[in-house]
Amino acid sequence: LAETWSVGSRCATLQSTSGVASNGYCLQHSCGDWDDSRGYYASVSIAVTASETITCLRAEALSTKLLSSISNRVIVCPDIDVLCGSSTSSSASFARCYFGHYNAEMDACICS
């Protein structure tokens, strides 16, 4: 697991494939595919390990993706507007939440 503490990192939720355990890990996130006509990002990439990056699309918010680098684990895709911000939402932008994390249960970026 490539936990990274930096301005571009946010808390990501990893769960066991059985759904029993849920843990937050600080991982590098990168918002991508800005759609200027719609005013939002279409994807977010999350670096799980040095060799595995998971890309989550808007429609995959709060769904899980199986990790190949960590056995029996899935990652929960974040809500892109909450994490990255958009011109059409009141959610905090990625850059304005330097010392916070994304909380999937609250569906929000929690600033500390």
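Bear in mind that the values in this text are calculations on the coordinates, not laboratory data. Just so it is clear, the model here is predicted, and its values are computed rather than measured. Here Cβ is always computed from backbone atoms with ideal geometry, including for glycine, and neighbour counts include all displayed protein chains.
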Worksheet, complete the sentence: If each K or R counts +1 and each D or E counts -1, the residues other than residue 55 whose Cβ falls under 10 Å of its Cβ total -1
Item to complete: Determine, from the Cβ-Cβ distance of residue 51 and residue 22 and an R0 of 30 Å, the FRET efficiency 1/(1 + (r/R0)^6), rounded to the nearest 0.05.
Response: 0.80
